[in-house]
Each structure stands twice: as structure tokens, then as C-alpha cells.
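The values are calculated or read from the model by the stated rules, or taken from the named source; none is laboratory data. Since this is a predicted model, take the numbers as computed values, not measurements. As a convention, Cβ positions derive from the backbone with ideal geometry for all residues, glycine included, and neighbour counts pool all protein chains shown.
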């Protein structure tokens with residue numbers, strides 16, 4: 001009798017653990033998308049692109065209105081979000097980054113302007129839509145999938161799968177297509193690439209578009225798993241943390257870092273409480289920077305002379 | 001009259017906070033996006049000391065500044081040696097961290113409802129005298145040998161290091177100095193408004209402080225002071241336009257940085273010599289007429 005109860009308790013614990021793991025993986029997938037979109041610009045132009053948060057925000061709101069007007073399905077909504085994010089990133093690049101590049105300005109101005117870009121998106125939303133909270137509906141209902149009598153949320157499973165597929169698609173694009181190779185060449189060395197006949201300005205716009213696609217997609221995911229509000233862009237800090245843990249400057253590092261961060265955060269929230277999570281995360285970040293600043297991937301990008 | 005005094009006090013406190021940020025960004029090239037949280041730290045610690053322990057307010061301010069500098073040291077320790085982006089984003093994360101701490105510690109700080117009942121101690125004279133002291137301190141600091149070495153680090157860190165300048169140590173010192181000034185501004189703010197809550201010192205405030213430095217010019221203390229006064233006043237005047245004012249403000253900043261990255265005032269600095277030169281114009285005219 002007692003053993004049976006114990007066994008049932010263990011099973012219950014295991015079930016909760018596995019469910020939390022899936023939650024963590026799904027939010028980790030979103031963080032990975034964010035971190036990779038952020039890292040793409042970092043690899044090419046060597047500055048932390050804070051406007052990525054603004055891109056996520058615009059993507060999320062566009063997707064929300066697309067849903068409101070057309071009653072689109074989940075995949076169509078995601079597509080709307082991604083494409084609007086892409087265009088938003090390109091507009092931002094033309095507005096705030098291209099003039100600085102032409103002037104050969106120090107990196108600090110790129111960084112400040114990217115923060116301005118993020119703020120611009122935030123205030124645009126506050127001025128046009130307002131500060132109210134919105135929510136996406138339950139796209140897939142509250143349906144669960146049962147695997148060996150343990151039920152998993154269908155939405156989380158879908159989100160994790162889509163994130164993984166997108167990341168694999170990105171890898172394929174960067175390593176197997178001509179324009180992907182151009183992006184990698186420019187990331188390696190802008191001047192040499194331009195000497196070899198790569199149209200650098202176009203490749204940089206293209207990079208912003210690709211990173212915007214990822215940003216818009218992650219924005220919609222964030223909107224689905226939390227709420228839609230004008231300060232959503234601040235979540236980019238999670239993407240940056242993921243990049244730091246994984247290693248800025250590498251492409252696969254942020255993916256690992258994002259998934260680690262997502263899982264860690266979910267378990268911290270589940271077992272300690274959501275209000276303590278930012279505190280512990282900050283302490284973990286400081287520890288990480290103190291002990292292994294180069295991240296898991298271990299590439300140090302020095303500031304260029 | 002007291003309305004205008006209130007506006008002046010708020011403007012001057014803002015100028016002191018921006019000078020703190022200017023010291024950091026203008027002298028070492030580091031960007032801090034948690035500068036408002038150091039204001040919060042100063043305001044909260046001095047406020048709590050005054051409210052809970054009845055400590056006289058100059059001593060409370062002094063203790064608050066020391067505590068803020070200590071916290072700043074712990075945060076900067078892992079990141080001063082790394083790339084500048086790390087510093088900026090770590091200070092940003094610190095802002096989130098502090099907000100969470102302040103919201104959580106309901107029994108001590110009042111949580112999200114804020115800390116009320118701080119004694120009203122700050123009048124316009126205290127604020128103006130502090131501003132003059134801070135300006136003189138920063139000006140002399142910039143002109144000292146230490147300051148010149150810091151400017152060398154900002155312009156070319158590698159070259160400065162190869163000349164034997166210990167860059168991470170210099171960066172740390174300047175950062176702690178700027179934390180002290182910023183938290184001092186926070187203390188003044190707390191003792192003026194008598195009420196503080198965590199949302200006053202959010203990320204918007206931090207980015208405002210950074211934007212004001214870039215508006216005035218990274219190289220010009222005068223520019224930063226005039227620019228901050230102008231921006232704070234214009235934000236107060238344009239308050240009726242609602243959310244669009246911040247949108248337009250940020251858009252102007254982007255265009256300004258695109259086409260005049262050195263800021264409105266660039267390298268121009270108001271010194272005694274400027275007055276002497278101005279005086280010489282009428283003097284020379286008088287001489288010619290003679």
C-alpha cells in the first residue's frame with residue numbers, strides 16, 4: 001500500500017519534471033531564435049544590435065493585427081510576424097545603420113543608435129496602439145498530447161518544433177546557398193569580401209532581413225507564451241544572455257545557450273518562484289562573465305583596432 | 001514662484017545625473033544602461049536610512065553613496081576587462097535585477113507601492129551648490145593627467161594600453177566615480193520628492209540619461225549641461241503631446257547621431273578664456289576708435 005503510494009508520487013514528480021522540461025525547451029527554442037537573430041548582426045557588423053527587440057515587438061503586433069483582421073491560422077500568423085519583422089529590420093538598417101557605416105563611425109554609435117531603434121519601435125506602438133495588454137487566442141486550443149500517459153502541451157511542442165525547423169533552415173541557408181555564403185564571407189571580413197566582388201551593402205541589408213525574420217518569429221512566440229505589450233522588446237536581454245552563455249561570435253553557441261537558459265529559467269520559476277528568477281539569472285550571468293566570459297563555444301571577439 | 005523652483009530643481013538633479021553618465025561615456029567610452037538603477041540605489045538607501053533610522057540627511061547621503069559605489073564595484077568587476085557591449089548589457093541586466101529586488105522586498109522598501117515619508121530636505125540652494133561642486137569636480141578631473149589618460153583609452157584603447165596605461169583599472173575608477181555622482185543625484189531626488197517607487201528608475205530613465213549625453217556631445221561638458229537642460233525643459237513643455245513626444249524625441253536622436261555623431265556642441269567648451277575673448281571684441285573696438 002505504502003510502496004504503491006510512493007511509486008505514484010515518484011511518477012507524479014517525474015511527470016511534472018518532464019512537463020517542465022518541455023516548457024523549458026520550448027521557451028529555450030524561442031530564446032535560441034532571438035539569440036541567433038541577434039548574433040547574425042553581431043557576426044557581420046560586430047556590435048550588439050539592441051534594435052532586435054524593437055523588431056520583435058513590431059513583428060508581434062503586426063501578427064496580432066493580422067490575426068484580428070484575417071483570423072489567420074497559427075502558421076499564417078507566424079509568417080506575417082516574421083515577414084513584417086524582416087522588413088522592419090531593413091527599414092531600421094536604412095534609417096540608422098547605413099548612414100553610420102558610410103561615415104565609418106565608431107562602434108559605440110552603432111550601439112546607441114540600435115538602442116534608439118528599439119525605443120523608437122516601443123514608442124511607435126505606445127503612440128499608435130496604446131499601452132494596453134493584448135493576448136493571442138489559444139491557437140491549438142488547450143489540447144494535450146499524451147505520450148506514455150504523460151500529457152504534454154501541444155502548443156509548447158509545436159513551438160519547439162517550429163523553432164528547431166527554423167534554425168535548421170537557417171543553417172541550410174547559410175551553408176548551402178550562394179547568398180548565405182556571401183553573408184558568411186562578409187561576417188568573416190568585410191573588406192576582403194568587398195574586394196572579391198561581394199556587394200557588401202546589399203549583403204548587410206539581407207542579413208538584417210534574415211535576422212528580422214527570426215526576430216519577428218520569436219516576437220510572435222513571446223506574444224503567444226506571455227502577453228503582447230509595448231515593453232516586449234526588453235526580452236532581447238534574454239537573447240543576449242543566451243548569446244553570452246553560448247558564446248558571442250559563434251553561430252551554434254547561442255542555440256545551445258538559449259536552450260540552456262530556457263530550461264534553467266523554467267525550472268527556477270517552477271521550484272523557486274517567478275519573482276526570484278531575474279535575481280538568480282543576474283547572479284548566474286555575473287558568475288558566467290567572471291569565470292568563462294568567452295561562453296561555451298569559446299570564441300573571443302576582440303574589439304577591432 | 002515655487003512651481004518654477006520645482007522645475008529648476010528637477011532640471012538640476014537631472015543634469016547632475018547626466019553629468020555622472022557623461023563622465024563614464026565621455027571619458028572611457030563605456031555605456032551604462034543601468035545608470036538609473038544607481039539613482040534608485042542612492043535614493044532608496046538614503047531614504048531608508050532617514051525614514052527607519054532617523055539618520056541626519058547629509059550622513060544618509062554619504063552612506064548611500066558609499067554603498068552604491070560598493071555595489072558598482074561588484075558589478076563592474078567581471079566586465080571591465082571585456083568588450084564594451086558586455087558592460088552595457090550587464091548594467092542593463094542589473095537594472096532588471098534591482099527592480100526585482102525592490103519589488104520583492106515589500107517589508108523593507110514598500111515594494112511596488114514605493115517608499116513614502118522621506119523628509120523634505122532639498123531646496124534650490126542645496127541643489128545649485130551641489131551642481132557647481134559636481135561641475136568643478138568633473139571639469140578638473142577631465143583636465144587632470146588621469147583624465148587625459150582616460151580620454152586616450154576612449155579614443156584608442158589598444159594604443160593607450162601599449163603606452164602603459166592600465167585601462168581596466170582606469171575604467172573601473174571612472175565608473176565608480178560616475179556611480180557616486182549618479183547616486184548622489186538619486187539621493188537629492190529622493191529628499192526632494194519625498195516619495196520614490198521602483199518604476200521611476202526604469203530602463204526608460206537609463207536610456208534617457210544616455211541619449212542626453214549623446215545629444216550634448218561626448219566631448220563637451222558644457223554641451224551636456226546645456227543639452228540636458230534644454231531636453232528636460234522641452235520634454236516638460238511638450239508633455240501635452242503624449243506618447244508621440246517620445247517618438248519624435250527618439251527619431252530626432254537617430255537623425256542627429258546619423259549626421260552629427262559628435263553631438264550638437266561637439267568639442268566646444270565654455271571656459272574663462274571664452275569670456276575673455278568675448279570681452280576682447282568690444283575692447284578692440286574701443287581701442288580702434290581711440
Revision key, fill the gap. Going through segment B:37-80 in order, the residues found to be within 14 Å of another protein chain (Cβ to nearest Cβ) and buried (at least 16 other Cβ atoms within 10 Å of the Cβ) are B:37, B:71, B:72, B:75, B:76, B:78, B:79, B:80
Practice item. Taking only segment A:211-238 into account, find how many residues are under 11 Å from the mean Cα position of the chain (by Cα) and away from every other protein chain (no Cβ under 14 Å). Key: 12
Check your understanding: Just checking, how many residues over segment A:73-118 are part of a helix (DSSP H, G or I) and within 14 Å of another protein chain (Cβ to nearest Cβ)?
Key -> 25
Check your understanding: Across segment A:56-72, what is the number of residues that are surrounded by fewer than 18 Cβ atoms within 10 Å (Cβ to Cβ) and either modelled with pLDDT of 85 or more or part of a helix (DSSP H, G or I) (or both)?
Key -> 4
Review point. In the list B:238, B:251, B:256, B:233, which residue meets the criterion of being within 23 Å of the chain's Cα centre (by Cα), in a helix (DSSP H, G or I), more than 10 Å from every other protein chain (Cβ to nearest Cβ) and closer than 20 Å to residue A:124 by Cα?
Key: B:238
Check your understanding: Considering only residues of segment B:99-114 that are more than 9 Å from every other protein chain (Cβ to nearest Cβ) and within 23 Å of the chain's Cα centre (by Cα), which is surrounded by the most Cβ atoms within 10 Å (Cβ to Cβ)?
Key -> B:102
**Study point:** Positions within segment B:259-275 being under 23 Å from the mean Cα position of the chain (by Cα), without any contact (Cβ under 8 Å) to a residue 40 or more places away in the chain and more than 13 Å from chain A (Cβ to nearest Cβ), in sequence order
**Key:** B:271
Review point. How about segment B:98-110: which of its residues are in contact (Cβ under 8 Å) with a residue 12 or more places away in the chain and in contact with a helix residue (DSSP H, G or I) (Cβ under 8 Å, 6 or more places away or on another chain)?
Key: B:98, B:99, B:102, B:103, B:108, B:109
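Taking segment B:156-199 as the region of interest, how many residues are within 14 Å of chain A (Cβ to nearest Cβ) and under 15 Å from residue B:120 (Cα atoms)? So that I can check it myself, show each step before the final result.
Residues of segment B:156-199 that are within 14 Å of chain A (Cβ to nearest Cβ), as a first pass: B:156-162, B:167-168, B:171, B:198-199.
After this cut, where a residue has to be under 15 Å from residue B:120 (Cα atoms) as well, the list is none.
Qualifying residue count, segment B:156-199: 0.
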Review point. Since residue B:24 meets every condition but one in (1) away from chain A (no Cβ under 11 Å); (2) touching a helix residue (DSSP H, G or I) at 6+ places or on another chain (Cβ under 6 Å); (3) within 29 Å of residue A:275 (Cα to Cα), which condition does it not meet?
Key: (3)
Revision key, fill the gap. Among the residues of segment A:239-275, the number that are more than 10 Å from chain B (Cβ to nearest Cβ) and not in a loop (DSSP other than H, G, I, E, B) is 23
Exercise for review: Kindly list, by first and then second residue, each pair from a residue in segment A:120-146 that is more than 9 Å from chain B (Cβ to nearest Cβ) to a residue that is in a loop (DSSP other than H, G, I, E, B) and at pLDDT 80 or above, limited to pairs with Cβ atoms under 6 Å and residues at least 6 apart or on different chains.
Suggested key: A:133/A:227; A:133/A:229; A:135/A:227
